[in-house]
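**Q** Below are the structure tokens for one structure; questions will follow.
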Amino acid sequence: MKEICCGIDLGTTNSVVALLQGGIPQPFNIEEGQAIVPSVVSFDPEGGRVYFGAQALNRYVAFPAHTVKSVKRLMGRTTPVQVGEAAYLPEEISAMLLKHLATEATRVLGQTVRRVVITVPAYFDDAQRRATVRAGELAGLEVLRIINEPTAAAFVYEGPADAAEEIILVYDLGGGTFDVSIVLLRGDIKEVLASCGDTVLGGDDFDERLKDHFLRHLQQTTGIDLGHDFVVQVRLKEVAERIKIALSSQPFVMVNEVAVAVVDGEPLNLALEVARADFEAMTADLVEKTRRKVEEALAEARVSAADVDRIVLVGGSTRMPAVQDMLADLFDQPMEHAVDPDLCVALGAAVQAGIIAGEPLRHILIDVAAHSLGTRTVDVVDPVTGEADYFSTIIRRNTRIPVTRSEVYYTVAANQKLVEVEVFQGESLSCSENTLIDSFRFDLKPAPAGSPVTLEFSYDLQGIVRVTVSQKGFENTRTVAVELHKAGMTGDPAAAAESDAPALADKPVNYLSQKARQLLQDSRLAPASVRELTLLAHRYETAVLNGADEGLVDDLEDELVALMDVLEEDLDSRG
């Protein structure tokens with residue numbers, strides 16, 4: 001039997017699994033007859049059981065310290081998520097959810113789900129994409145492709161048969177992230193002209209405004225400030241989400257919540273009416289943020305609002321009337337509701353998975369890089385800071401991918417021993433204002449000052465970057481797949497090494513992990529090296545303990561051995 005390939009929309013609020021069947025993408029009803037599964041994980045510290053989906057969500061108010069929501073917003077960060085007494089990296093929580101989704105889909109389908117395409121926001125950076133791939137690997141899945149959510153949604157829509165081409169705008173406002181993409185439909189070709197977005201803007205932020213409104217009301221009516229009560233905030237956030245949804249279809253909603261808090265043995269009730277107009281006033285700046293991103297995407301794509309033929313709405317938050325009113329004001333075009341906005345991303349991912357699996361589908365996708373990529377140079381002084389902090393762009397934002405671009409740089413000293421290659425992602429002229437993805441040393445052969453060094457960036461269809469540096473005139477080349485754990489590392493490196501690195505297992509899992517621990521005890525290691533080795537050792541030990549795919553364990557083992565060899569050589573050279 002041919003192995004199936006599924007699409008997974010791993011959302012901030014909800015997740016969906018879909019499969020292409022008979023040329024039509026279909027979602028799996030994997031939880032109580034529903035396709036939409038809350039992206040929530042809850043731990044029972046006493047029984048040791050882990051709950052997922054609706055069951056986990058139902059435990060959130062009662063057990064907030066042991067329940068994790070919206071972990072997608074933390075992907076790419078190295079700070080662990082505290083769950084009771086335990087701590088997990090964000091991708092480890094996501095891996096548990098992915099494993100649950102795959103297990104339930106396997107149960108429903110009667111066939112093992114192992115090969116998947118996973119969607120991510122178009123504006124996810126390299127660190128966040130790598131964390132998503134790693135989550136899939138930790139879940140025992142083969143991640144065939146990472147695809148941008150607006151691009152996946154575009155797969156579900158076809159241009160009219162009588163039109164040579166059509167431009168659609170995909171407006172994707174989910175629970176925790178926002179994306180907008182301008183897509184050109186030309187026959188079977190879907191070309192992304194531009195993407196913009198915000199990875200920390202979504203329905204959660206609208207809920208937060210309502211929650212704060214409830215807290216202010218309670219303080220005004222009781223004189224008690226409950227803003228520092230975590231349990232109360234969790235309860236009010238859950239109420240806020242329900243009221244927000246109700247306001248999408250009703251102009252006024254009554255809030256009657258009994259005993260949202262207990263003070264001096266007396267229950268405090270929440271009773272007030274919320275008008276849609278008031279809610280829209282308190283969230284107007286959030287809608288305006290998305291409007292500015294829409295205008296930015298239009299400018300990047302070099303099209304006007306009048307050039308857009310259709311608006312495709314993706315994500316449950318697009319049901320808010322204020323969002324639709326803003327788009328109607330900006331565009332004189334119909335809003336596309338033909339596909340459920342909560343399902344269309346997963347359905348598009350299933351189409352992409354079907355294409356990879358060899359299904360006879362006529363779709364050609366041309367996507368773009370969401371962020372500019374470049375390096376730091378010392379020959380040009382930054383015009384803002386006056387320091388050697390200049391961001392030299394190699395791949396510009398919204399360049400078609402896959403793409404390979406290179407630039408030539410020059411050494412500054414005779415017989416220069418090495419160059420520190422730093423890979424940044426962002427749009428500022430100052431590297432300090434962009435995101436550091438990775439850095440590594442490249443040893444040079446003896447050569448005069450001004451000798452050329454070529455730096456090549458390759459950006460693949462999964463949005464993952466590989467860097468090749470070579471010294472012209474010598475057989476001296478090194479290729480590095482940029483590392484997730486470097487992203488976002490700013491400030492004092494020693495502090496970052498201490499605060500961000502997750503703890504290793506209680507005891508070594510094998511001889512290799514024991515060797516890594518011994519090397520970490522060497523006081524001569526730089527803080528950044530300590531952090532790098534700790535993170536890689538943690539990933540390796542986690543994969544071994546979780547029984548991850550043998551190929552992943554082997555790859556991590558090779559990385560760990562290579563890193564320790566480099567660090568040991570560096571220490572030996574110091575004497």
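Per-residue answers, yes or no, for (1) out of contact with any helix residue (DSSP H, G or I) (no Cβ under 8 Å at 6 or more places or on another chain); (2) farther than 20 Å from THR13 by Cβ:
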residue: ILE36; (1), (2): yes, no
residue: VAL41; (1), (2): no, no
residue: PRO45; (1), (2): no, yes
residue: ARG59; (1), (2): no, no
residue: LEU74; (1), (2): no, no
residue: THR78; (1), (2): no, yes
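**Q** So which residues in region 248-271 are in contact (Cβ under 8 Å) with a residue 40 or more places away in the chain and within 37 Å of the chain's Cα centre (by Cα)?
**A** Matches in region 248-271: SER248, VAL255, VAL260, ALA261, LEU270.
**Q** Would you mention how many residues in region 35-56 are in a helix (DSSP H, G or I) and among the basic types (Lys, Arg)? First the steps, then the outcome.
**A** Quick first cut of region 35-56, residues in a helix (DSSP H, G or I) only: 53-56.
Now restrict to residues that are among the basic types (Lys, Arg): none.
Residues meeting the conditions: 0.
**Q** Test each condition in (1) over 25 Å from MET282 (Cβ atoms); (2) touching a strand residue (DSSP E or B) at 6+ places or on another chain (Cβ under 7 Å) for ASP264 and report the one that comes out false.
**A** (2)
**Q** Here is a further query. Which one of these does ARG302 not meet: (1) at pLDDT 95 or above; (2) at positive phi?
**A** (1)
**Q** Here are VAL68, VAL116, VAL81: which of them is hydrophobic (A, V, I, L, M, F, W, C) and either closer than 26 Å to LEU19 by Cα or under 14 Å from the mean Cα position of the chain (by Cα) (or both)?
**A** One residue alone meets the criteria, VAL116.
**Q** Among the residues of region 387-408, what is the count of those that are at pLDDT 90 or above and of a type in the set (D, E, K, R)?
**A** So the count comes out to 2.
**Q** I'd like to know if region 87-99 contains one or more residues that are surrounded by fewer than 21 Cβ atoms within 10 Å (Cβ to Cβ), among the basic types (Lys, Arg) and farther than 21 Å from ALA543 by Cα.
**A** The answer is no; no qualifying residue exists.
Conditions tested, residue by residue: (1) assigned to a strand (DSSP E or B); (2) in the same structural domain as LEU173 (by TED's automatic domain parsing); (3) modelled with pLDDT of 90 or more.
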position	(1), (2), (3)
THR318	no, yes, yes
MET326	no, yes, yes
ASP332	no, yes, no
GLN352	no, no, no
ILE355	no, no, no
GLY358	no, no, no
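**Q** For region 416-440, how many residues meet the condition of being in contact (Cβ under 8 Å) with a residue 40 or more places away in the chain, more than 22 Å from the chain's Cα centre (by Cα) and part of a strand (DSSP E or B)?
**A** Total satisfying the criteria: 4.
**Q** For region 7-34, name all the residues that are under 15 Å from THR132 (Cβ atoms), assigned to a strand (DSSP E or B) and not β-branched (Val, Ile, Thr).
**A** GLY7, ASP9, LEU10, SER15
**Q** To continue, here is another question. Can you tell me which residue among ALA56, ALA65 is crowded, with 24+ Cβ neighbours inside 10 Å, in contact with a strand residue (DSSP E or B) (Cβ under 8 Å, 6 or more places away or on another chain) and not aromatic (Phe, Trp, Tyr)?
**A** ALA56
**Q** Could you please find all residues in region 360-386 being modelled with pLDDT of 75 or more and among the aliphatic types (A, V, I, L, M)?
**A** VAL368, ALA369, ALA370, LEU373, VAL378
**Q** Looking at region 229-252, can you tell me whether even one residue there is at positive phi and outside the structural domain of LYS72 (by TED's automatic domain parsing)?
**A** No, region 229-252 contains no residue that is at positive phi and outside the structural domain of LYS72 (by TED's automatic domain parsing).
**Q** Kindly establish whether ALA306 is out of contact with any strand residue (DSSP E or B) (no Cβ under 7 Å at 6 or more places or on another chain), farther than 25 Å from GLU149 by Cα and aliphatic (A, V, I, L, M). So that I can check it myself, show each step before the final result.
**A** Numbers: out of contact with any strand residue (DSSP E or B) (no Cβ under 7 Å at 6 or more places or on another chain): yes; farther than 25 Å from GLU149 by Cα: no; aliphatic (A, V, I, L, M): yes.
Criteria not met by ALA306.
**Q** Here are the criteria: (1) under 28 Å from the mean Cα position of the chain (by Cα); (2) not in a helix (DSSP H, G or I). Tell me which single one LEU226 does not satisfy.
**A** Looking at each condition in turn, LEU226 falls short on (1).
**Q** Tell me, please, whether a residue that is modelled with pLDDT of 90 or more and in contact with a strand residue (DSSP E or B) (Cβ under 8 Å, 6 or more places away or on another chain) can be found in region 219-231.
**A** No: zero hits.
**Q** If you go through region 94-135, how many residues are among the hydroxyl-bearing types (Ser, Thr, Tyr) and without any contact (Cβ under 8 Å) to a residue 60 or more places away in the chain? Steps first, please.
**A** Taking region 94-135 and keeping what is among the hydroxyl-bearing types (Ser, Thr, Tyr), we get 94, 103, 106, 112, 119, 123, 132.
Imposing the further condition that a residue be without any contact (Cβ under 8 Å) to a residue 60 or more places away in the chain reduces the set to 103, 106.
Result for region 94-135: 2.
**Q** What number of residues within region 266-300 are assigned to a helix (DSSP H, G or I), out of contact with any helix residue (DSSP H, G or I) (no Cβ under 6 Å at 6 or more places or on another chain) and aliphatic (A, V, I, L, M)?
**A** 7
The values are calculated or read from the model by the stated rules, or taken from the named source; none is laboratory data. As the structure is a computational prediction, the values presented were derived from the model and not from experiment. Cβ coordinates were reconstructed from backbone atoms using ideal geometry, including for glycine residues, and neighbour counts include every protein chain displayed.
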